[in-house]
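Everything below concerns the one structure shown next.
No value in this document is a laboratory result; all are computed from the given coordinates. Only a predicted model underlies this, so the values are computations on that prediction, with no experimental measurement involved. Glycine also receives a Cβ, built like all others from the backbone with ideal geometry; neighbour counts cover every protein chain displayed.
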Amino acid sequence: MDTPAKPVAVIDWYRTPIPAAEFKRLHERSDWRAFGQTGGYLAIVAATGFLTWWSWAHWAWPWTLLCLFLHGTVSQFHINGMHELGHNTVFKTKALNSFFVRVLSFCAWLHPDMFNASHQRHHRYTLHPPDDQEVVLPVKLTLLNFIESAVVNIRGFWWTMKYTWRIARGKIGSEGGWEAVCFPPDQMAMRRTPIFWARVVLGGHVLIAAVALYFGQWMIPVIVSLPVFIGGWLFFLCNNAQHTGRVDNVPDFRLCCRTIMPPAIVRFLYWQMNYHTEHHMYAAVPCYNLPRLHRAIKHDLPRCPGLIAAWCEIATVLQKQKQDPTYRPEIALPQKSAA
């Protein structure tokens with residue numbers, strides 16, 4: 001991509017008004033509730049990982065593959081945990097945010113410092129190119145994209161290895177474009193932390209594999225280091241529903257973001273990011289307060305479909321944009337707030 005122009009000074013975003021007392025309650029952080037979300041999610045990951053190991057040791061291999069697929073399905077959502085913890089809104093105690101964001105990032109080969117540098121701009125200039133290049137419309141998704149991610153994401157594995165190796169060698173911004181904007185070449189101090197972290201991730205996973213193989217436990221690195229490249233079907237459907245098929249260059253999060261309503265267990269695994277319009281509108285609200293925020297402003301939101309209905313909507317938009325890349329869907333807002 002071309003190097004973005006100087007960012008606009010400000011975007012006058014529309015935000016649904018909230019009474020002051022409710023606004024304050026929505027922004028309250030709780031270590032206990034944070035442990036419920038973070039600890040609960042990690043407990044599910046640990047349980048599916050242990051089940052996979054137990055199956056490998058005691059059951060027939062088809063059961064092991066099934067357990068591994070389940071483990072991968074839940075592990076895919078590490079990135080949403082990293083995202084939420086990276087906002088420093090989950091735990092009231094900041095050190096706990098910092099600790100758990102590294103735990104999740106290590107397990108999933110994620111680079112939170114690289115991500116945050118881009119994501120701050122994504123929130124400030126959501127779908128306003130060239131100042132936001134984290135998501136650029138129209139998004140081009142195909143059935144092949146889904147199939148590649150759904151079972152075993154070989155392309156994603158190869159890209160992640162190359163990316164981590166490049167950052168570990170200090171080659172940040174070497175490809176120019178958006179990465180060079182987030183980490184300007186003359187700001188070397190900004191680059192030290194992501195370079196060090198990439199080396200920790202790479203070295204840590206190599207060490208886990210070496211120790212496990214030495215003791216004949218080859219399933220351990222599969223369970224610890226590889227599940228984020230397995231079973232990505234649910235994550236693909238959730239995460240790509242955030243902005244795909246919406247409208248860019250508008251100062252209204254209700255038009256450039258999409259809130260969906262999947263089953264409760266999916267919302268939990270997804271760190272409540274199904275409430276994506278709400279998250280962009282009030283980014284400092286902790287993830288466990290987003291359902292309450294949704295109830296407070298849902299009168300002012302467009303229709304919030306389930307996961308299947310959302311993808312029927314997305315498929316229609318993508319088909320029209322394939323024929324006409326300039327097509328912009330019309331999104332019905334509540335009558336009293338429609339422009």
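Odds and ends about this structure:
- Put in order of Cβ neighbour count within 10 Å, fewest first, the listed residues 82, 261, 190, 281 become 190, 261, 281, 82.
- Tail fraction, Cα-Cα pairs, region 1-148, threshold 18 Å, whole percent: 71
- P(r), alpha carbons of region 126-247 - 10 Å bins starting at zero, rounded %: 11, 29, 35, 20, 4, 0
- For the chain, built as a Gaussian network whose Cα springs stay under 10 Å, the top-fluctuating residue of 157, 99, 50: 99
- The helix-only estimate of mean residue ellipticity at 222 nm for the chain, built from DSSP H runs of length n ≥ 4 each weighted as -39500 (n - 2.57), is -18000 deg cm²/dmol after division by the residue total.
- Kirkwood-type radius of region 98-187, with distances r between different C-alpha atoms, in Å: 15.0
- Rounded tilt (10° steps) of 61-75 against the dominant C-alpha axis of the chain: 40
- In the chain, the longest principal axis of the Cα atoms and the axis of helix 31-58 are about 40 degrees apart.
- Each pair of Cα atoms in region 216-331 enters the Kirkwood radius, and Stokes-Einstein at 20 °C and 1.002 mPa s then converts it into a translational diffusion coefficient of 136 µm²/s.
- Pairwise Cα distances in region 287-339 exceed 17 Å for 55 percent of all pairs.
- Measure of compaction for region 206-278 (Cα Rg per 2.2 N^0.38 Å): 1.64
- Among 328, 191, 155: highest mean-square fluctuation, GNM of the chain, C-alpha pairs under 10 Å: 155
- Where only alpha carbons of the chain are counted, the Rg and the Dmax (Å): 20.5, 66
- Extent along principal axes [Cα atoms of region 12-70; Å; largest to smallest]: 58, 28, 14
- Placed amide H near residue 230: partners under 5 Å, 5+ positions off or other chain: 153
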